[in-house]
Structures are given as C-alpha cells and as structure tokens.
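Notes follow the structure.
None of the figures in this text is laboratory data; all of them are computed from the coordinates on show. Bear in mind that the values here come from a model prediction, so they are computed numbers and not experimental data. Cβ coordinates were reconstructed from backbone atoms using ideal geometry, including for glycine residues, and neighbour counts include every protein chain displayed.
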Amino acid sequence: TRDADRAAKLLLEYNLLNGSNASYARHLDLTIRRQLGEQVSVTEAGARSAQVRPQWHDPWNDAVKAHQTGARLLRRAAQGHMNRGQYPQAVNLLERARRAEPENAGILVTLATCYRKQGRIRESFAALDEAHRLAPDDYWTNLNRGEMLLAERRQDQEALRPAYEHALTATRARPESGDAWALVGRASQALHRLDDAVDAFRHAYEVDSRDS
C-alpha cells in the first residue's frame, strides 16, 4: 500500500507537468515503475493507486461548496456595483447571496448598507438586527448598527444607549479601530457624557496616529 501511495503522489506530479518538462516526466515514469516493482505504464500505476485509495465524494458537501462559491462571487459582483453607486443592482445580487448563505452576517451588513443608501431605513435596520442575532460580537455588525442608531434615531434617547453599547462592543472586537472609538465618542456626546466623549475621541486620535 505504501508503494502504491508513493506512486500515486508521483503520478499526480507527473500529470501536473502536463508535458512542460519531458525529461523529468520520463524520470517520474521510471520511478513510478520502480515503486510498484514491475514494468507498468503510468496509466496502469494511476489505476492501481486509485484502487488502493479510492476517492469518495459527498454530494451534500459538493452542493454546499457550490453555494458558498456562488455567494462569494455574488458579493464580489455586488461590491463592484456599490463602488459605482449602483445600489439597486447590488441589492439584487446580495439578496441572492443571502438566500445561498442565510447565516452569513457579513452579507446582511453589506445589504443593510445598500438599503440605507436607497433610503430603505426599516429594511436596513431589519438586516442589521438579523446580523446581530447571528454574530452579536462581530465588529462590522456592531459598528454599522451603532452608526445607524446614532444617525437615524438621534432624537430617541432610548436608542442612544444601545448605540453606545454597540460602539463599545466594536472596540472590544477591534481595539485598534479609530472608527469604533470615534463612534463611542459621538454616542457619549449624544448621551451628554462629555468626559467619556473626550476620552474616546482622544483614544481614536491616538489609534489613528499610530496607523498613519
């Protein structure tokens, strides 16, 4: 079995050459034959190694991988539309990506951004609420949800405290994020916690200075 396994590895290397190095390919051919201890062709060596170690394929895993690959491609295409300000097209692609990966909080956060750009505030909040349910400690989820609460419900005092908490969670997820500390400062300012606001803004400045 060990010799057949070695032959299989050499056969893979042989096939990867794809004719690019004929002399080395001949060397591999001879080595494979020696490993099996008899005069056989490369094709026969491959067939024997496959019999020793068959390749098993799980149709479910293949389907999941196909869905995940499809969702990544949809997100990439959606980002291109977002960069050009084409938010309806981006939403269409992201909603398809969401159906492929309904547990992916990152897709929901990006979708929420597109909804907000279109003025669809209620849908944006719904997407962020779902993202927070899926990933309560995620940096981007908390940063975006805090930003939304502060921007859209600034006059609602009951919304300011959650915005502050989201900002703090974002700093815990990424302590070196100037954006997160600046959000803590703005939320503190809205809550009239001026000392906390000054400390947070100072921290944001220090973090950004280190990065520059």
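Before moving on, here are some points about what is shown:
- Shape of the range 72-137, Cα gyration tensor, a/c cut at 1.5: oblate
- For Ala126, net neighbour charge (Lys/Arg +1, Asp/Glu -1) across residues whose Cβ lies under 14 Å away: +1
- Highest-first arrangement of 121-129, 160-168, 192-200, where packing means the average Cβ count within 10 Å: 160-168, 121-129, 192-200
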